[in-house]
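The values are calculated or read from the model by the stated rules, or taken from the named source; none is laboratory data. Computed from a predicted model, the values in this text were never measured in an experiment. All Cβ positions, even for glycine, are placed from backbone atoms using ideal geometry, and neighbour counts span all protein chains on display. SASA here: full protein model, heavy atoms, side chains in, ligands and nucleic acids out. Shrake-Rupley method; radii C 1.70, N 1.55, O 1.52, S 1.80 Å.
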Amino acid sequence: MITSERPIYGLYRLLWSGLDYIYPPLCGGCGKRGKRWCDDCRESSKRIFPPYCSCCGGPTTGASLCERCKSNPPAYIALRSWAIYCGPIRRAIHQLKYRRDIALGEVLATGLVSMLDQLNWQVDMVIPVPLGKTRQNERGYNQAAMLALPLAYAKGIPYKSRALKRVQETNSQVYLNRGQRAKNVQNAFGGDTNIVKGHTILIVDDVTTTGATMHASAKALLEAGAACVYGITLARAG
Ligand SMILES: [Zn+2]
Ligand SMILES: [Zn+2]
């Protein structure tokens, strides 16, 4: 469906649907022919509903803040994710990230668009979590940017991919525990004061696990002068 709210977003979606005619897509979640992300996969994704921690969006036992956020408040104001990282959304993110199925970015971002509509956060800048130089060169694209750009277009918010950089190459977070993850990304990011100063920023990533990357990114942006930072991801692991 092409929305007419913002011409640039309509054009962006049109571009991808045009490519669908040339290269008929397979669903990123189940491999079925027809759509990049089929209705069955969208509907069977495990969406995240309250109660959750009002800050990190993680599980909580009824309290508005989880114990971790109480004792160690993250640098971001709030972090929310569209679904649990399992089943079709997990496969789709894998396709987007490792199988160069970049057309999935636009269609998966529609989930983030409707989430942001409901969250009603007043952000004035969208920034994807950056990859390190080595990984960016290997992969050729940043999967977080493939989600952040259409989200920014849809909402009419300036998209600034250069506002946050990896200043340190980091190891993959995949096999690290919570403490190791936090340490691994601790000083990994640097924000550009000229771009972010005084702004309320939305950081976009594909998956969050412990929130360590989001925290480190938000911290770097605040240190660079951002007013405050929110985070949104497609999926939340564990
Ligand atoms: Zn499917
Ligand atoms: Zn929390």
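Here are the numbers:
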read-out: Any chance Gly179 is more than 17 Å from the chain's Cα centre (by Cα) and closer than 25 Å to Tyr52 by Cα; value: yes
read-out: Which numbered condition Gln186 fails, given (1) without any contact (Cβ under 8 Å) to a residue 60 or more places away in the chain; (2) in contact with a Phe, Trp or Tyr (Cβ under 7 Å, 6 or more places away or on another chain); (3) closer than 20 Å to Ile77 by Cα; value: (2)
read-out: Criterion violated by Lys160 - all others in (1) at pLDDT 95 or above; (2) touching a Gly at 6+ places or on another chain (Cβ under 6 Å); (3) not hydrophobic (A, V, I, L, M, F, W, C) satisfied; value: (2)
read-out: Residue in region 42-51 that is near ligand 1 (Cβ under 9 Å from one of its atoms) and either among the charged types (D, E, K, R) or out of contact with any Gly (no Cβ under 6 Å at 6 or more places or on another chain) (or both) present; value: yes
read-out: Within region 59-92, considering residues that are of a type in the set (A, V, I, L, M, F, W, C), away from ligand 2 (no atom under 11 Å from the Cβ) and not in a loop (DSSP other than H, G, I, E, B), the one farthest from Gly211 (Cα to Cα); value: Ala92
read-out: Any pair with Cβ under 6 angstrom, 6 or more apart, that starts in region 147-165 at a residue that is surrounded by fewer than 18 Cβ atoms within 10 Å (Cβ to Cβ) and ends at one that is in a loop (DSSP other than H, G, I, E, B); value: Gly156/Arg6; Lys165/Pro130
read-out: Boolean, Ile48 is open to solvent by 30 Å² or more (accessible area, probe 1.4 Å), touching a residue at least 40 places away in the same chain (Cβ under 8 Å) and within 16 Å of ligand 2 (Cβ to nearest atom); value: yes
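Quick grid of which residues meet (1) among the small types (Gly, Ala, Ser); (2) buried (at least 20 other Cβ atoms within 10 Å of the Cβ); (3) touching a residue at least 24 places away in the same chain (Cβ under 8 Å):
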| site | (1), (2), (3) |
| --- | --- |
| Ser172 | yes, no, no |
| Val196 | no, yes, yes |
| Thr210 | no, yes, yes |
| Thr213 | no, yes, yes |
| Ala216 | yes, yes, yes |
| Ala227 | yes, no, yes |
| Thr233 | no, yes, yes |
